[in-house]
1. Among strands (runs of 3 or more DSSP E) lying entirely in the range 198-293, which contain 2 or more residues that are of a type in the set (Ser, Thr, Tyr) and out of contact with any helix residue (DSSP H, G or I) (no Cβ under 8 Å at 6 or more places or on another chain)?
2. Just name the residue that is nearest to Asn117 (Cα to Cα) out of those in the range 210-222 that are at pLDDT 95 or above, in contact with a strand residue (DSSP E or B) (Cβ under 8 Å, 6 or more places away or on another chain) and surrounded by fewer than 12 Cβ atoms within 10 Å (Cβ to Cβ).
3. Of the numbered conditions (1) loosely packed, with under 13 Cβ neighbours inside 10 Å; (2) modelled with pLDDT of 95 or more; (3) out of contact with any helix residue (DSSP H, G or I) (no Cβ under 7 Å at 6 or more places or on another chain), Lys75 satisfies every one except a single condition; which is it?
4. Restrict the check to the range 258-278 and report whether at least one residue is modelled with pLDDT of 50 or more, over 19 Å from the mean Cα position of the chain (by Cα), of a type in the set (A, V, I, L, M) and closer than 30 Å to Leu121 by Cβ.
5. Look through Phe107, Phe82 and report the one residue that is in contact (Cβ under 8 Å) with a residue 12 or more places away in the chain and either of a type outside the set (Phe, Trp, Tyr) or surrounded by fewer than 16 Cβ atoms within 10 Å (Cβ to Cβ) (or both).
6. Those residues that are surrounded by 11 or more Cβ atoms within 10 Å (Cβ to Cβ) and not aromatic (Phe, Trp, Tyr), I need them from the range 177-188; list them, please.
7. Please enumerate the residues belonging to the range 223-262 that are closer than 19 Å to Glu285 by Cα, surrounded by 13 or more Cβ atoms within 10 Å (Cβ to Cβ) and among the β-branched types (Val, Ile, Thr).
8. With Glu48, Glu24 as the choices, which residue is loosely packed, with under 12 Cβ neighbours inside 10 Å, more than 19 Å from Asp174 (Cα to Cα) and under 26 Å from the mean Cα position of the chain (by Cα)?
Amino acid sequence: MKYFIFTLVVLSFASCNSVKKYNEQRLSIITPEKLRQDVDFAYQKLQEMHPNLNWYISKKELDFKFDSLKSTINKPLTPTQFYFKLQPVIAKIREGHLSLKIPAKRFSKKEIKALKNKKGLFGRFEYHVVDDHLYFIENKDSIQNIKPGTELLSINDVPVSNYLKKYRELISSDGYNTTFYPYYLKDVFFSFFVAEKGIMDSAKIETIYNDKKQTLVLKRESKNKQEIEKDKLDKKRTPEKKINDYVVSTNSYNRNLKFLDKDSTIAYMKIKSFSRTFSDKFYKESFAKNQKCRIFLPHHRHSRKLRRFSVRNQSALLLSRS
């Protein structure tokens, strides 16, 4: 027992040191010479390992972009600053699954516990992106009475349009697909923002609704006992939550199956994310309920039945018994 406790203490200490060391490295300043070497190294590995590197961009054009990037690196940068320079070039390859991992801050157990007992700052809203505009579309807690349809104009006096233009360049999309950008950008906007600016306890924002501008201050509030208990209850992994991959932050499921008629002849499967959590069991059980079925993709030219339903995105399926 003493050995076990000692092992836990050692592991905990090692974990804290690992987090501290990583964060120190994340804030370290790297010389321009070493950064340019990293650019060369990254491009070399891409040429060695990517099977179709020049499918959507010619070698000549990609060579030029990497050379141009190196010419702009004329002062020391942190790893995070370097990410915001290199990732836009990687995105030009137009491979949706090819991207750099952003060097976000890591948190100690103590910091994670403190954050769990506080409410989010920007994460308590739902957003929508149109061109260079970011709109609030949901405000469940009625924070500052911000109404759906309100546009977020600036954060701490910096125009949101500046961030949208900058962060859009970081997104890797497949080929010439442009419709992916606004849908993904609304979800990752504040991930990029926090990686760049850090976690804030408050922020001054400017909004506009019905041509009326407002300046508001958002604050990271502490949760009360009831809210903390509710969080614990929400996180309990019931069989339904496991199978349908429940997401606490949005109070929704990543996938679900429901029948649309009393005779159970038509079923609707909605998949928001292809996560691996209990996914095999979900699909196995779902198709067991629909052993004699056809699978229709939304907007499929052979399926007339889809005309009767409003399908929001192409991750939805209709299952119909034959």
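The values are calculated or read from the model by the stated rules, or taken from the named source; none is laboratory data. Quick caveat, the model's predicted, so the values are computed rather than measured. Quick reminder, even Gly has a Cβ in these numbers, built from the backbone with ideal geometry, and neighbours come from all protein chains shown. All accessible areas refer to the heavy atoms of the entire protein, side chains included, with ligands and DNA or RNA removed. Shrake-Rupley method; radii C 1.70, N 1.55, O 1.52, S 1.80 Å.
1. Strands (runs of 3 or more DSSP E) meeting the threshold: 202-209.
2. The residue in question is Val217.
3. (3)
4. No: the range 258-278 contains no residue that is modelled with pLDDT of 50 or more, over 19 Å from the mean Cα position of the chain (by Cα), of a type in the set (A, V, I, L, M) and closer than 30 Å to Leu121 by Cβ.
5. Phe107
6. Of everything in the range 177-188, those that are surrounded by 11 or more Cβ atoms within 10 Å (Cβ to Cβ) and not aromatic (Phe, Trp, Tyr) turn out to be Pro182, Leu185, Lys186, Asp187, Val188.
7. Across the range 223-262, the qualifying residue is only Ile243.
8. Answer to the selection: Glu24.
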